[in-house]
Amino acid sequence: MARSTTITVEVDDVSYTDDVEPRLLLVQYLRERLGKTGTLIGCDTTNCGACTVHLDGTSVKSCTMFAVQADGRRVTTIEGLARDGKLTPLQRAFHECHALQCGFCTPGMIMQSASLLQENPHPSEQEIREGLEGNLCRCTGYQNIVAAVQAAADGTTTSDSATENGASETAGVA
Amino acid sequence: MIPSAFDYAAPETLAEALSLLGSAGDDVKLLAGGQSLIPVMKLRLADPSMVIDLGRIAELSGVRDDGDALLIGAMTPHHQVATDPLVAAHVPLLAKAAATVADPQVRHRGTFGGALVHADPAGDLPAPALAAGATFIIAGPGGERRVAAADFFQGYFSTAVGDGEILTHVRVPKYTGWGAHYEKFTRVAQQWSIVAVAAMVRVEGNSIAEARIGLTNMASTPLRATAVEEALAGSPLTLEAITAASAHAAEGSDPASDLNGDAAYRKHLAAVLTKRALVAAAGL
Ligand SMILES: Cc1cc2nc3c(=O)[nH]c(=O)nc-3n(C[C@H](O)[C@H](O)[C@H](O)COP(=O)(O)OP(=O)(O)OC[C@H]3O[C@@H](n4cnc5c(N)ncnc54)[C@H](O)[C@@H]3O)c2cc1C
Ligand code: FES
Ligand code: FES
């Protein structure tokens, strides 16, 4: 019988210390231990991207990582993006561009888009499509998702146009 | 899908990892980025009783200048190989190939060394490593040994890394004055190579002085397209010469037949993709 291991992980700005079995996947830890059900499991085979979270600021598939590997590190989920009830420009862009239908892929799409915009704040349409190649959407046909990422990068979301902090805030989203 | 239970260790030095590996018995697995091992454990196609995580060993990660070569740590993630300025300057072939692996999330976790030791015939790093004449540095109980790329890949998912050993670094010579390209053929996004070609070309004036070509998924191991390399050495830098030489790309290959294509189709692809890779590498 494998021993359980104590881990300390910072998730969405809160530090947690827990005993976990080494085989516990990060996505199960987030959903079942911490109740962070905003992170979804779509395929469980590293293909769909629904489980995407940030590990120390870069995107990873949390179904393909053990919770013990996150010991001492910082995890950001979709639930950690909004501040004081205020959506980030990228989240607003998904809302305004109608970038979702059923919404199942959306948390992963937004987390991967945020990672993409950090690495490349002004991507071309082609770069957005390639940047989202590990995220599957069964509803939208991707068109409006690409438009939303473009709008967030351009700082042209409507509720954002009154302020001047669109693109830079998006880029610093994680 | 939940893997079988296992004991877990996360050593912080290579020495500690080797000693754990030496005392752990046969039923142990090294964990690098986990992007091949964890899916296989979830399917319970692998159920090690112990997992040694290499992820906390700083000395195994990163790219270093080593005189006439680069030293790439086995634990360097694909994303870093794809974006590292030293790799871009001296062995752009590896950066280009690493950028085609899987998707961004997998490239953030998956590692250069993990992909090479995993040695999937459709993997995108073995053929470039072979074409670039990489040397594999392997640590074991008796110290360190060096293995040339030609001897490293031994068969289907099998390499020179033995039980009790850890791939620590890959030494890749610097290529000054060479053009490079990795041409990968897939049907859908985020797919493994159906066939891919890694090409490096050194042009002198109006002729090709030297070419180095590696083939992905044309046999159980990566292959050098020796017949093409020989045909190109000293040949004029023209589309006709490249096309004629590329027709020999599949010589000596033994590709599999599967749902993505049969062996004859793969042989056809090898010639077409070799031509495309050479044209791009030579800047024609
Ligand atoms: C959805 C998906 C798509 C993919 N598409 C591609 C693709 O298009 N092209 C491609 O090339 N790859 C692809 N991959 C695989 C990816 O490149 C993996 O990162 C790679 O195969 C394994 O690297 P890893 O670091 O994740 O190793 P792990 O999964 O951790 O380990 C793989 C194996 O190597 C052993 N090992 C690892 N490191 C060492 C070491 N230093 N010394 C000794 N043994 C070691 C492990 O014990 C294990 O047996 C894909 C993976 C996924 C999940
Ligand atoms: S649930 Fe992780 S990639 Fe689909
Ligand atoms: S909105 Fe339904 S899967 Fe993307």
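The values are calculated or read from the model by the stated rules, or taken from the named source; none is laboratory data. Here the structure is a predicted model, which means the values were calculated and not measured. Note that each Cβ is placed from the backbone with ideal geometry, even for glycine, and that neighbours are counted across all protein chains shown. Calculation scope for accessible area: heavy atoms of the full protein, side chains included, ligands and nucleic acids excluded. Shrake-Rupley method; radii C 1.70, N 1.55, O 1.52, S 1.80 Å.
Structure above, values below:
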{"quantity": "Any hit, segment B:137-145, residues being in contact (Cβ under 8 Å) with a residue 60 or more places away in the chain and either aromatic (Phe, Trp, Tyr) or surrounded by fewer than 14 Cβ atoms within 10 Å (Cβ to Cβ) (or both)", "calculated": "yes"}
{"quantity": "Test: residue in segment A:147-154 that is open to solvent by less than 10 Å² (accessible area, probe 1.4 Å), modelled with pLDDT under 80, away from every other protein chain (no Cβ under 14 Å) and more than 16 Å from ligand 3 (Cβ to nearest atom)", "calculated": "no"}
{"quantity": "Residues satisfying the stated conditions in segment B:105-131, i.e. more than 29 Å from A:Met109 (Cα to Cα), open to solvent by 10 Å² or more (accessible area, probe 1.4 Å) and either within 16 Å of ligand 2 (Cβ to nearest atom) or touching a helix residue (DSSP H, G or I) at 6+ places or on another chain (Cβ under 7 Å) (or both)", "calculated": "B:Leu130"}
{"quantity": "Criterion violated by A:Asn47 - all others in (1) within 10 Å of another protein chain (Cβ to nearest Cβ); (2) more than 16 Å from ligand 2 (Cβ to nearest atom) satisfied", "calculated": "(2)"}
{"quantity": "Residue, farthest from A:Leu136 (Cα to Cα), within segment A:1-59, restricted to residues that are among the hydroxyl-bearing types (Ser, Thr, Tyr) and part of a loop (DSSP other than H, G, I, E, B)", "calculated": "A:Ser4"}
{"quantity": "Residues of segment B:178-204 that turn out to be out of contact with any Gly (no Cβ under 9 Å at 6 or more places or on another chain) and modelled with pLDDT under 95, as a count", "calculated": "3"}
{"quantity": "Residue tally, condition surrounded by fewer than 24 Cβ atoms within 10 Å (Cβ to Cβ) and more than 16 Å from ligand 2 (Cβ to nearest atom), over segment A:117-137", "calculated": "13"}
{"quantity": "Of all residues in segment B:6-45 being more than 8 Å from chain A (Cβ to nearest Cβ) and polar (S, T, N, Q), the one that is least open to solvent (accessible area, probe 1.4 Å)", "calculated": "B:Ser36"}
{"quantity": "Any pair with Cβ under 6 angstrom, 6 or more apart, that starts in segment B:31-56 at a residue that is assigned to a loop (DSSP other than H, G, I, E, B) and ends at one that is open to solvent by 20 Å² or more (accessible area, probe 1.4 Å) and of a type in the set (D, E, K, R)", "calculated": "B:Gly33/B:Arg109; B:Gln35/B:Arg109; B:Pro48/B:Asp27; B:Pro48/B:Lys29; B:Ser49/B:Asp27; B:Arg56/B:Glu12"}
{"quantity": "Residue, nearest to ligand 1 (Cβ to nearest atom), within segment A:129-147, restricted to residues that are in a helix (DSSP H, G or I) and free of Cβ contacts under 8 Å to residues at least 24 places away in the same chain", "calculated": "A:Glu130"}
{"quantity": "Residue identified as open to solvent by 20 Å² or more (accessible area, probe 1.4 Å), within 16 Å of B:Trp178 (Cβ to Cβ), outside the structural domain of B:Lys96 (by TED's automatic domain parsing) and not hydroxyl-bearing (Ser, Thr, Tyr) among B:Ala263, B:Ala233", "calculated": "B:Ala233"}
{"quantity": "Any chance B:Leu130 is under 30 Å from A:Cys48 (Cα atoms) and outside the structural domain of B:Val195 (by TED's automatic domain parsing)", "calculated": "no"}
{"quantity": "Per-region count, segment A:10-32, residues within 14 Å of another protein chain (Cβ to nearest Cβ) and surrounded by 15 or more Cβ atoms within 10 Å (Cβ to Cβ)", "calculated": "11"}
{"quantity": "Condition met for B:Pro85 (crowded, with 18+ Cβ neighbours inside 10 Å, away from ligand 3 (no atom under 16 Å from the Cβ) and modelled with pLDDT of 95 or more)", "calculated": "no"}
{"quantity": "Answer residue from segment A:33-56, given it is within 15 Å of A:Thr76 (Cβ to Cβ) and within 16 Å of ligand 3 (Cβ to nearest atom) and is surrounded by the most Cβ atoms within 10 Å (Cβ to Cβ) among those", "calculated": "A:Thr52"}
{"quantity": "Unique match (being within 14 Å of another protein chain (Cβ to nearest Cβ), away from ligand 2 (no atom under 16 Å from the Cβ), β-branched (Val, Ile, Thr) and in contact with a Ser or Thr (Cβ under 8 Å, 6 or more places away or on another chain)) among A:Val68, A:Val60", "calculated": "A:Val68"}
